[in-house]
Amino acid sequence: MSRPTDLVQGTLDLLLLKIVALEPLNGWAISQRLRQVSGDILQVSDGSLYPALHKLEQEGWIAAEWKASENNRRAKFYSLTRLGRRQLEKEAANWTRLSDAITQVVRLEEA
Amino acid sequence: MRIEHWLYTLPLRLRSLFRRDRVEQDLDDELNYHMERQIEQYVAQGQSPEQAGRAALRAMDGVTQRKEECRDTRRVHAFDDLAQDIRYGMRVLAKSPGFTSVAVLTLALAIGANAVVFGILNALVLRPLNVPRAESLYGLQRNDAHFGMESYRNYLDFHDRNRSFESLAGYSVTQAGLDTGDNPSRVWVVEATGNYFDVMGLKPHLGRFFHSSDEHGPNSAPYVVLSYAYWHSHFSDDRGVVGRVVRLNKHPFTILGVAPKDYHGTIVFFFPDVFVPLLNTEQVEGYSNLDARNVRWVFQTLGHLKPGVTPAQAITDLNTIGGWLQTQYPKEVGAMSFKLVPPGLYGDYLGRPVKAFVAGLMLLAGLILLAACANLGSLFAARAADRSREVALRLALGASRNRILRTLFTEAVMIALMGGAAGLAGSVVLLRWLSVWQPVARFPINIPVTPDTNVYLAALLLALVSGALFGIVPVRQVLRTNPYQVIKAGPGGAIGRRLSARDLLLVTQITICAVLVTSSMVAVRGLMRSLDAEVGVEPRHAMLVNTILRMAGYSGEAMPGMQRRMIDSMQAIPGVDAVALVTMPPLEMGAPSQMVYKDETTDLRPSNMVADALRYSISPDYFQAARTRLLSGRSVTWHDDQNAPTVAVVNREFARKVFGSTAKAMGSYFRMRGTGRVQVVGIVEDGKYVTLTEDATAAMFLPILQAPSNETWLVIRSNREERQLATAIQANLRKLDAGLPYYMQTWTKELEGALFASRVATVALGIMGMLGAMLAITGIFGMAAYSVSKRLRELGIRMALGARRQEILQAGLGRALKLLAVGSAAGMILGVLSTRVLASIVYEATPRDPLVLAGVIVAMLFLGLLATWIPAQRALSLDPLTLLREE
């Protein structure tokens with residue numbers, strides 16, 4: 001299995017939606033960006049990236065378009081759809097709630 | 001949200017399904033691009049190209065698997081699998097065209113039969129009338145009679161006093177002569193109350209309808225509305241007919257308009273030609289019962305319930321008015337209580353027999369479908385057994401049982417759909433033909449069974465259900481398959497010796513078929529007998545001519561003279577043996593009856609009557625012309641006129657019922673309302689008067705001069721060739737009065753029409769029986785062929801060891817024949833029990849008829865022989881050498 005075991009379940013979707021929301025990118029660029037922004041903490045293997053992207057596409061959250069890439073070759077670029085934006089807001093809110101809750105628990109002082 | 005979701009995803013799904021190559025190519029390109037960039041990056045970091053390639057592959061963790069994961073996200077698996085199953089099924093079915101065609105044909109017959117019967121049920125019972133808001137349209141029916149006849153006076157009171165209906169309309173049906181200028185023709189007339197079309201909520205196709213506002217007392221509204229069909233056929237769609245004056249029974253009527261195209265009156269299968277206001281009944285019928293409260297002649301009263309009024313409330317309302325009428329007019333009005341019925345089948349009067357008939361047909365058709373499913377089920381089970389190696393192999397290669405079942409099921413459903421489509425196509429042809437068929441020449445009876453969506457849906461549903469039924473049979477077999485054992489055992493392994501589900505299916509099927517064959521034999525035998533049944537008349541070599549003299553303006557005093565002239569004129573035709581008039585020949589629909597009282601009875605109320613006898617008026621030579629035997633006494637004469645004492649000739653049953661015996665009847669008297677004492681002067685043999693299956697019925701024949709009738713039938717007996725005779729009759733009638741429309745038919749043909757209901761039933765039964773027989777053949781054939789092919793090797797060895805022919809046959813076919821015998825016996829017993837029901841439809845339908853029983857046995861044996869012939873030949877022509885070498 002190529003699932004990112006150390007990645008909280010479901011957060012990969014959030015990350016991808018967020019990255020694509022910033023600007024339309026191709027798969028390779030997304031993988032670079034992921035590595036860039038999260039350093040080595042969030043390890044997403046190349047293998048699990050594409051099935052995840054295809055899933056988001058099939059859900060209608062991101063749309064794909066073939067365009068010339070930065071080195072002038074044809075590549076598949078993904079961009080966020082209206083549906084995707086809504087999904088992103090939802091997941092982001094969820095994430096904030098979850099992380100807030102966990103932070104609070106972690107910060108509890110031992111009596 | 002959902003819609004927007006589909007907006008984005010539907011194109012993707014469609015692309016995944018139909019542009020599969022393109023989608024795959026994109027996936028390849030996308031991953032290749034990634035790999036190339038990755039390799040470039042690794043190379044830039046200082047790795048050799050080979051190292052970089054391997055590292056990129058490693059990073060991807062298996063490109064093929066990742067691709068498969070991407071494909072999994074497309075969510076079109078079900079479709080893909082289905083498409084695959086269908087392709088596979090087509091290949092498999094195409095590989096065994098014999099099996100496929102037998103299966104499809106079997107189902108086509110069964111589903112076709114069901115679709116036709118359902119089409120009839122749909123048209124006559126299920127489909128609402130062709131009027132707006134048909135669901136709230138109800139007809140009135142009296143509880144004491146099963147029909148809705150009412151007097152016009154009573155109708156008016158119900159119309160004025162009820163608070164449940166939006167409005168009540170009424171109408172009566174009659175025949176009239178319509179003269180449009182050149183040649184008068186006979187039309188069927190609906191005499192309707194002024195509000196009729198408004199109550200129906202109809203809009204005219206052309207011109208206008210008549211309304212209540214046109215009614216100003218008797219004969220005040222000489223208007224006629226044409227039915228679309230009559231306008232089309234007699235006025236060639238001429239839009240200028242509105243305002244034209246035509247003559248109806250010699251009275252001028254103005255054409256107001258044309259009814260909508262799909263409106264045929266309110267009785268489902270009775271298509272009237274024209275509509276006229278009821279108030280003009282005297283002009284149309286020659287007399288008027290508008291003021292007679294005790295004469296129930298308004299055929300149907302009907303209307304829409306007001307919104308919010310339930311049928312129960314309406315009935316209470318009507319019963320209250322009925323009670324009031326009874327207290328108000330005790331002499332004319334009896335007890336009244338009502339029931340509301342859908343108008344299309346005229347309540348229970350027609351509804352009951354029609355529904356019973358259609359239900360019976362439905363049952364038979366259902367049995368046929370069941371037999372077909374059993375048949376196909378056993379075929380499929382046999383095939384599944386033959387394919388056990390294939391199934392085992394697929395299981396061993398990792399297919400899930402679920403998937404294999406789905407494949408087999410897809411095959412079953414494909415066959416079902418093909419059979420259903422073929423059957424439906426056949427039934428549509430048959431139904432279209434039925435729709436234009438006019439079974440009874442004299443009546444405008446049509447069976448409007450043009451198939452609609454309901455029929456198509458029903459056929460589709462039946463196909464799917466039967467596909468599921470016979471597709472389910474091999475399920476257990478597949479679930480139990482153990483791939484290891486099956487593949488080890490090799491071909492022809494494991495022959496089931498005990499009674500299998502397959503055997504049970506075959507026995508069931510043969511039983512059902514035997515039931516059908518038995519009942520069709522009974523029906524056919526009855527039909528054959530009815531052809532030369534003793535009906536008390538001789539229909540062969542006789543011509544019938546129906547006339548209604550008022551159509552040409554004859555009435556009162558002018559009538560008997562004209563009738564006499566008609567007889568004389570016919571008599572003058574060379575080759576004519578006898579001519580007579582009768583009000584209605586026996587077995588013709590709608591013979592009137594009258595209550596008969598003993599001579600000593602003075603209070604002529606219904607409860608005191610001794611018989612309700614059919615009543616015919618005849619001219620002197622009637623018995624001679626009809627070939628009815630006069631047992632004693634004399635026939636009526638031309639001297640039995642208005643001035644002579646009233647007399648009658650009665651049949652034997654009348655004599656027995658009223659007087660006790662024929663001897664006591666001769667010369668004795670009886671009484672009827674209106675005629676006083678009537679003397680019996682002659683006695684004739686019993687006949688059949690209403691149906692062939694009726695019990696002996698009392699009938700009386702009155703002299704036509706004493707019981708005159710405007711409508712009569714000429715019976716012209718002659719051995720001359722039909723067409724010549726018809727031409728001569730036509731010429732002579734012209735000479736008498738060219739303006740008199742008439743209807744002519746040979747008696748034999750007329751009788752066929754009159755008895756069409758029972759004939760149709762008989763023919764339907766016969767066809768069902770034939771279908772049953774065909775199913776039996778394919779079923780037994782399938783079973784026998786299968787059992788022979790399964791045991792080829794065993795039979796070969798037996799043969800090689802010197803077995804004789806009958807031993808081979810015994811081994812190969814014994815089982816099939818045994819099952820056939822068991823099934824036939826069971827079916828025959830059931831058939832004999834069920835044919836009791838037939839006795840009411842089919843003439844002399846008795847299952848204890850030795851000829852029928854013998855016929856069934858012979859038929860089933862013959863079917864068995866026919867079906868096992870090919871397998872038997874195959875078994876006998878075995879060459880043990882080739883066979884054993886092959887294995």
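The values are calculated or read from the model by the stated rules, or taken from the named source; none is laboratory data. All values reported here derive from a predicted model rather than from experimental measurement. We place every Cβ from the backbone using ideal geometry, glycine too, and count neighbours over all the protein chains shown. Surface accessibility is based on the protein's heavy atoms, side chains included, excluding ligands, DNA and RNA. Shrake-Rupley method; radii C 1.70, N 1.55, O 1.52, S 1.80 Å.
Okay, here's what the table says:
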item: Rg/Rg_ref, the stretch B:17-89, where Rg_ref = 2.2 N^0.38 Å and atoms are Cα; result: 1.48
item: Accessible area that becomes buried as B packs against A, both chains, 1.4 Å probe, Å², nearest 100; result: 2800 Å²
item: Dipole axis of the protein assembly as shown (+1 Lys, Arg; -1 Asp, Glu on Cβ), positive-most option in B:Val295, B:Ser388, A:Ile19; result: B:Ser388
item: Debye, to nearest 20: dipole size of the stretch B:621-679, +1 on Lys, Arg Cβ, -1 on Asp, Glu Cβ; result: 340 debye
item: Most to least packed among B:47-55, B:338-346, B:441-449 [average Cβ atoms within 10 Å]; result: B:338-346, B:441-449, B:47-55
item: Between helix B:558-571 and chain B: long-axis angle, C-alpha atoms, 0 to 90°, nearest 10; result: 70 degrees
item: Dipole in debye (nearest 20) - the stretch B:374-428, about Cα centre, beta carbon charges: Lys, Arg +1; Asp, Glu -1; result: 240 debye
item: Most positive-pole-ward Cα, B:Thr646, B:Phe670, B:Phe659, against dipole of the stretch B:637-676 from beta carbon charges; result: B:Phe659
item: Exercise: per-residue mean of other protein chain Cβ atoms within 10 Å, B:383-393; result: 0
item: Among the listed pairs B:Lys355/B:Lys749; B:Lys203/B:Lys250; B:Lys598/B:Lys657, those beyond 18 Å (Cα-Cα); result: B:Lys355/B:Lys749; B:Lys203/B:Lys250
item: Chain B, relative contact order [Cα under 8 Å, separation at least 6], %; result: 14 percent
item: Cross-link reach list, aspartates and glutamates versus B:Lys735, counting only Cα pairs under 14 Å and skipping chain neighbours closer than eight places; result: B:Asp568
item: Beta bridges per DSSP with both ends in chain B, % antiparallel, nearest 5; result: 80 percent
item: Residue among B:Val610, B:Met700, B:Ser632 farthest towards the positive dipole end of the stretch B:604-703, charges placed on Cβ; result: B:Val610
item: Three-way shape call for the stretch B:619-722 based on the alpha-carbon gyration tensor, with the a/c threshold at 1.5; result: oblate
item: Net dipole in debye of chain B [+1 Lys, Arg Cβ; -1 Asp, Glu Cβ; about Cα centre; nearest 20]; result: 2860 debye
item: At most 13 other Cβ within 10 Å, DSSP loop - trypsin sites (Lys or Arg not before Pro), the stretch B:290-333; result: B:Lys331
item: Over 21 Å between alpha carbons, listed pairs B:Lys306/B:Lys339; A:Lys18/B:Lys67; A:Lys18/A:Lys76; B:Lys790/B:Lys818; result: A:Lys18/B:Lys67
item: Probe 1.4 Å - accessible area at B:Arg161, Å² to nearest ten; result: 110 Å²
item: For the stretch B:363-450: relative contact order, % (alpha-carbon pairs under 8 angstrom, 6 or more apart); result: 14 percent
item: Cα long-axis angle, helix B:63-72 against chain B (0 to 90 degrees, to the nearest 10); result: 20 degrees
item: Average partner coverage of A:60-68, which counts Cβ from other chains inside 10 Å; result: 2
item: Largest to smallest accessible area among B:Trp6, B:Trp638, A:Trp61 [probe 1.4 Å]; result: B:Trp6, B:Trp638, A:Trp61
item: Nearest 10 degrees, 0 to 90: helix B:77-95 Cα axis against chain B principal axis; result: 80 degrees
item: Sites matching trypsin sites (Lys or Arg not before Pro) across the stretch B:642-713 that sit in DSSP coil, with at most 15 neighbouring C-beta atoms within 10 Å; result: B:Arg673
item: Solvent-accessible ranking of A:Trp95, B:Trp437, largest area first, probe 1.4 Å; result: A:Trp95, B:Trp437
item: Candidate residues B:Trp433, B:Trp747: accessible-area rank, largest first, probe 1.4 Å; result: B:Trp433, B:Trp747
item: Shielding by partners, peptide B:56-66 (average Cβ within 10 angstrom, other chains); result: 4
item: Packing-based order for B:238-244, B:471-477, using average beta carbon neighbours within 10 Å, highest first; result: B:471-477, B:238-244
item: Relative contact order of the stretch B:224-379, pairs being alpha-carbon contacts under 8 Å that are 6 or more residues apart, as %; result: 18 percent
item: Surface accessible to a 1.4 Å probe, B:Ser635 within the full protein complex, Å²; result: 20 Å²
